[in-house]
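Engineer: Below is a structure I'd like to ask you about.
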Amino acid sequence: MIIPKTLEEIELMRQSALLVSKTLGMIATELKPGVTTLELDAKAEEFIRDHGAVPGFKGLYGCPSTLLTSVNDQIVHGLPTDRPLEEGDIVSVDCGTVMNGFYGDHAYTFEIGDVDPATKKLLQITKESLYVGIREFKLGNRVEDVGSAIQRYCEKEGYTVVRELVGHGLGRKMHESPEMPNYGKPGKGKKFVEGMVVAIEPMINLGTRNIKQLNDGWTIVTRDGKPSAHFEHDVALVNGKPELLSTYQYIYQALGITSNEEDEFRAKPLVL
């Protein structure tokens, strides 16, 4: 069952989402060759607790960490390790918080130093597909309108869409209805309703869409060992249109990037 949120609850969720955004912005300043994802995990937990929240992932379903850090061929759910990041790596950093009784949950795939052109384009197209999908999250549409838009956008570039892992509704629980796949057929799935909040998160592979899980019981990797990209935003349906609760602007501020990609999804300018 979809659980719509009041405008007041959406504002509380925005606070949770923006704390995740700020955490990812902090992580962006720390990412460089030689840093381990375990070190990043400790910094993220401290940052979240210092801002009056608790990590959303740690302890959830037995998760041992604050961040899920997926490197190169790891798609999602990568557990932090003591392996130093290397020049040319990519790493999806997925983070959650609980604040005011509501979850925030979003992710960004970072480049470590100089990344090869094919992988760089994979990241570009995957992030673009996130916004393609968000545009379809509007009153009158259904769940698979979002997924089919993401699928078409990525497959026309020659990439494959992970099927076993999906986005989801978000609220007082990390995973609420509906599931939000990144593939589908237009006009299929549950109808969107005013006030619902979802996490939309394309997971796109350079090679095969087939996956496997590592022995740690968490980390999901591509079966052919080729890179995968993952981007995620929290989005509310307000006045029939998608409104971003999370932002990449803290990341862009840290990395010296200028972007207006989020402007169409904001009712008012974001103040950093």
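Engineer: Conditions first: (1) within 29 Å of Val115 (Cβ to Cβ); (2) touching a helix residue (DSSP H, G or I) at 6+ places or on another chain (Cβ under 8 Å); (3) not β-branched (Val, Ile, Thr). Arg209 passes all but one, so which condition is the exception?
Structural biologist: (2)
So that you can scan it fast, the table gives a plain yes or no per residue for (1) touching an Asp or Glu at 6+ places or on another chain (Cβ under 7 Å); (2) part of a helix (DSSP H, G or I); (3) open to solvent by less than 20 Å² (accessible area, probe 1.4 Å); (4) modelled with pLDDT of 95 or more:
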position: Pro4; (1), (2), (3), (4): yes, no, no, yes
position: Ile10; (1), (2), (3), (4): no, yes, yes, yes
position: Gln15; (1), (2), (3), (4): no, yes, no, yes
position: Leu19; (1), (2), (3), (4): no, yes, yes, yes
position: Leu24; (1), (2), (3), (4): no, yes, yes, yes
position: Gly34; (1), (2), (3), (4): no, no, no, yes
position: Glu39; (1), (2), (3), (4): no, yes, no, yes
position: Ala42; (1), (2), (3), (4): no, yes, no, yes
position: Glu45; (1), (2), (3), (4): no, yes, no, yes
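Engineer: Can you report the number of residues in region 82-94 which are open to solvent by less than 10 Å² (accessible area, probe 1.4 Å) and in contact (Cβ under 8 Å) with a residue 60 or more places away in the chain?
Structural biologist: 4
Engineer: Can you confirm whether Lys268 is out of contact with any helix residue (DSSP H, G or I) (no Cβ under 8 Å at 6 or more places or on another chain), open to solvent by 50 Å² or more (accessible area, probe 1.4 Å) and either closer than 28 Å to Thr29 by Cβ or of a type in the set (S, T, N, Q) (or both)? Full working, then the answer.
Structural biologist: Working: out of contact with any helix residue (DSSP H, G or I) (no Cβ under 8 Å at 6 or more places or on another chain): yes; open to solvent by 50 Å² or more (accessible area, probe 1.4 Å): yes; either closer than 28 Å to Thr29 by Cβ or of a type in the set (S, T, N, Q) (or both): yes.
Considered against the rule, which asks whether it is out of contact with any helix residue (DSSP H, G or I) (no Cβ under 8 Å at 6 or more places or on another chain), open to solvent by 50 Å² or more (accessible area, probe 1.4 Å) and either closer than 28 Å to Thr29 by Cβ or of a type in the set (S, T, N, Q) (or both), Lys268 comes out as yes.
Engineer: Let me ask you something else. Enumerate the pairs (first residue in region 183-206 and of a type in the set (Phe, Trp, Tyr); second residue anywhere and part of a loop (DSSP other than H, G, I, E, B) and surrounded by 16 or more Cβ atoms within 10 Å (Cβ to Cβ)) with beta-carbon separation below 6 Å, excluding pairs fewer than 6 apart on the same chain, so at least 6 apart or on different chains.
Structural biologist: As it stands, the answer is Phe192/Asn141, since those pairs meet every condition given.
Engineer: Another question about this same structure. Which one is surrounded by the most Cβ atoms within 10 Å (Cβ to Cβ), of the residues in region 137-161 that are within 14 Å of Lys185 (Cα to Cα), in contact (Cβ under 8 Å) with a residue 24 or more places away in the chain and not hydrophobic (A, V, I, L, M, F, W, C)?
Structural biologist: My answer is Gly147.
Engineer: Still on this model: Would it be correct to say that Glu164 is closer than 26 Å to Leu24 by Cβ and surrounded by 16 or more Cβ atoms within 10 Å (Cβ to Cβ)?
Structural biologist: Values: closer than 26 Å to Leu24 by Cβ: yes; surrounded by 16 or more Cβ atoms within 10 Å (Cβ to Cβ): no.
No, not satisfied.
Engineer: Still on this structure, please answer the following. So which residues in region 221-265 are within 23 Å of Val71 (Cβ to Cβ), of a type in the set (A, V, I, L, M) and either surrounded by fewer than 19 Cβ atoms within 10 Å (Cβ to Cβ) or out of contact with any strand residue (DSSP E or B) (no Cβ under 7 Å at 6 or more places or on another chain) (or both), if there are any at all?
Structural biologist: Scanning region 221-265 gives Ala254, Leu255, Ile257.
Engineer: Considering region 52-76 alone, what residues qualify as being in a strand (DSSP E or B) and of a type in the set (Ser, Thr, Tyr)?
Structural biologist: If the condition is that a residue be in a strand (DSSP E or B) and of a type in the set (Ser, Thr, Tyr), then Thr69, Ser70 are the ones that fit.
Engineer: Give the residues of region 95-120 that are in a strand (DSSP E or B), closer than 22 Å to Ala254 by Cα and either touching a Phe, Trp or Tyr at 6+ places or on another chain (Cβ under 9 Å) or open to solvent by 30 Å² or more (accessible area, probe 1.4 Å) (or both), sorted by residue number. Steps first, please.
Structural biologist: Here is the first cut: in region 95-120, the ones in a strand (DSSP E or B) are 95-99, 102-111.
Applying the additional criterion that residues be closer than 22 Å to Ala254 by Cα yields 95-97, 104-111.
If the condition is that a residue be in a strand (DSSP E or B), closer than 22 Å to Ala254 by Cα and either touching a Phe, Trp or Tyr at 6+ places or on another chain (Cβ under 9 Å) or open to solvent by 30 Å² or more (accessible area, probe 1.4 Å) (or both), then Cys95, Gly96, Thr97, Asp105, His106, Ala107, Tyr108, Thr109, Glu111 are the ones that fit.
Engineer: Would you check which residues across region 190-206 are in contact with a helix residue (DSSP H, G or I) (Cβ under 6 Å, 6 or more places away or on another chain) and open to solvent by 10 Å² or more (accessible area, probe 1.4 Å) and list them?
Structural biologist: Lys190, Leu206, listed by residue number.
Engineer: So is Ile211 open to solvent by less than 10 Å² (accessible area, probe 1.4 Å), under 20 Å from Asp73 (Cβ atoms), at pLDDT 95 or above and out of contact with any Leu (no Cβ under 7 Å at 6 or more places or on another chain) or not?
Structural biologist: Working: open to solvent by less than 10 Å² (accessible area, probe 1.4 Å): no; under 20 Å from Asp73 (Cβ atoms): yes; at pLDDT 95 or above: yes; out of contact with any Leu (no Cβ under 7 Å at 6 or more places or on another chain): yes.
Criteria not met by Ile211.
Engineer: Answer yes or no as to whether Gly187 is touching a helix residue (DSSP H, G or I) at 6+ places or on another chain (Cβ under 8 Å), farther than 17 Å from Pro242 by Cα and part of a loop (DSSP other than H, G, I, E, B).
Structural biologist: For Gly187, the condition - touching a helix residue (DSSP H, G or I) at 6+ places or on another chain (Cβ under 8 Å), farther than 17 Å from Pro242 by Cα and part of a loop (DSSP other than H, G, I, E, B) - is met.
The values are calculated or read from the model by the stated rules, or taken from the named source; none is laboratory data. The structure presented is a predicted model; accordingly, all values stated were derived computationally and were not measured. Glycine gets a Cβ as well: all are built from the backbone with ideal geometry, and neighbour counts include every protein chain shown. Ligands, DNA and RNA are excluded from the accessible area calculation, which covers all protein heavy atoms including side chains. Shrake-Rupley method; radii C 1.70, N 1.55, O 1.52, S 1.80 Å.
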